[in-house]
Amino acid sequence: MSKPQVITLGCRLNAFESEVMRIHAEASGHGDMVIINTCAVTSEAERQAGQTIRRLRRERPNAEIIVTGCAAQIAPEKFAAMAEVDRVLGNTEKLKAENFATGRAGERVSVSDIMAEDSVTAAPITGFETRSRAFVQIQQGCDHRCTFCIIPFGRGNSRSVPLKAIIEQTRLLVEAGYHEAVLTGVDISSYGPDLADGLGLAGMIRKLLGAVPGLDRLRLSSLDPAAIDDDLIGLAATEPRLMPHFHLSIQAGNDLILKRMARRHSRADVLEICRRLKEARAGAVFGADMIAGFPTETEAMFTETLDLVEEAGLTYLHVFPYSPRLGTPASKMPQVEPAERRRRAARLRQAGETMKTEYFNSLIGTRAMVLAERDRRGYTEHFAPVRMDLGPNAAMPAQGAVVPVSITGLIDMVLTAEPMTGTPA
Ligand code: SF4
């Protein structure tokens, strides 16, 4: 009998939830099932959802096709209208085992009001089908309403996962052999105020690492610069298991544009946060989400965003040309020409590549700890990609193992490295 197939589009939180669905689908006994976990962050992501559905219908003509995720939560009728689709599940419904146990007998569209959700309930998972680092959900939804963003309408308001459940989940993954976990959610910086223990993000992490000594490396997903406080900076300074790689949801480098985005930080705040994190944790590196061509952005405003890349020392850029999302305030503002958005995105990416090349070259001759993945590849603590050159007699490090290496060179934006001699494989 064929196995349920789960296709994940979008973010780490979707990847985590896809594993929860895989458990439920496999337990249901309905093998001929395809689940497509969609994303709605850009119109391109939605287009991909439609393409993926049509492709899977061609590949598995008799399978039951279930569409879920943010695009399905926001516009269920759109997917229900597709002949290729059997059922549409909302972001709450996708985490309930009973919705897979029904098989084809289930409701065609089962999508509840996500804004009514006040807690996070996801069954614990024991692993990821294809990953060497684990994702651990700590939070869901978002209370902010950035003017370009549709995510809160797919995910609801912010809710935090209780500490006990986070510890249990992380222990299960460490027992399953994971050495590294990435804390994920929609807005993890908002962790905590809805829980009785009053722990913020840093407080929760301290408790988590104390309770799971077997976890070697902890990484954080995207952080809101406005929410990075003394406690988190203090943790970065003192906790070696917290990886010195901080991904910031910056979006732009001009204050008027940040205001029109309804972001809670200024350009100066970003520079100050990066300065303080670098001071607290030697060698700290930054990634950033950036939007190019936000409505009303002039060339001069964009130049401030471009300059911020070098001024703040942003190494890993995720750049999106602005994508109007129906129903968001920004979609009603005067738009920048789509071609100009793409040109600016390309210039921003180029600025990021220059920073990354400089940074990777600066690592040659240094040592690092690499989380081994497949094909001799892996990532350092600073999230630099590495390919390990193994001597003739050296054994391949086990997938997921943490290996000390010395960095020898840079080829096609991947560092080359040699495992340190005498290093256990
Ligand atoms: S913080 Fe802003 S960009 Fe991030 S999910 Fe919330 S509304 Fe969207």
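The values are calculated or read from the model by the stated rules, or taken from the named source; none is laboratory data. Source: prediction; values computed, not measured. A quick note on method: Cβ atoms are made from the backbone with ideal geometry, for glycine too, and the neighbour counts reach across all protein chains shown. For the accessible areas, the whole protein counts, side chains as well, though only heavy atoms, and no ligand, DNA or RNA atoms are used. Shrake-Rupley method; radii C 1.70, N 1.55, O 1.52, S 1.80 Å.
Please determine, by comparing only the residues of the stretch 237-294 that are away from the ligand (no atom under 16 Å from the Cβ) and basic (Lys, Arg), which one is most open to solvent (accessible area, probe 1.4 Å).
By that ranking, first place goes to Arg275.
Of the conditions (1) surrounded by fewer than 19 Cβ atoms within 10 Å (Cβ to Cβ); (2) free of Cβ contacts under 8 Å to residues at least 60 places away in the same chain, Leu183 clears all except one; give me its number.
With (1) surrounded by fewer than 19 Cβ atoms within 10 Å (Cβ to Cβ); (2) free of Cβ contacts under 8 Å to residues at least 60 places away in the same chain applied to Leu183, the lone miss is (1).
For Glu44, which of the numbered conditions (1) within 30 Å of Ser222 (Cβ to Cβ); (2) of a type in the set (Asp, Glu); (3) modelled with pLDDT of 95 or more fails to hold?
(3)
May I ask you to list the residues in the stretch 65-100 that are within 12 Å of Glu17 (Cβ to Cβ) and in contact with an Asp or Glu (Cβ under 7 Å, 6 or more places away or on another chain)?
Correct list: Thr92, Lys94, Leu95.
For (1) more than 16 Å from the ligand (Cβ to nearest atom); (2) in contact with a strand residue (DSSP E or B) (Cβ under 6 Å, 6 or more places away or on another chain), each residue gets a yes or a no:
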position: Val136; (1), (2): yes, yes
position: Ser160; (1), (2): no, yes
position: Ile166; (1), (2): yes, no
position: Leu173; (1), (2): yes, yes
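I need the helices (runs of 4 or more DSSP H) fully contained in the stretch 20-127, keeping only those with at least 1 residues that are closer than 21 Å to Phe153 by Cβ and touching a Cys at 6+ places or on another chain (Cβ under 8 Å).
Qualifying helices (runs of 4 or more DSSP H): 43-59, 70-74.
Can you name the strands (runs of 3 or more DSSP E) wholly within the stretch 344-411 that have at least 2 residues being open to solvent by 50 Å² or more (accessible area, probe 1.4 Å)?
Here the list reads 367-372, 377-379, 402-411.
Starting from the stretch 348-361, keep only residues that are over 14 Å from Met290 (Cβ atoms), then list their pairs with residues that are open to solvent by 50 Å² or more (accessible area, probe 1.4 Å) and not hydrophobic (A, V, I, L, M, F, W, C) whose Cβ atoms are within a distance under 9 Å, requiring at least 6 positions of separation or different chains.
Thr354/Glu310
Does the stretch 202-213 include one or more residues that are in contact (Cβ under 8 Å) with a residue 40 or more places away in the chain, open to solvent by 10 Å² or more (accessible area, probe 1.4 Å) and in a loop (DSSP other than H, G, I, E, B)?
no
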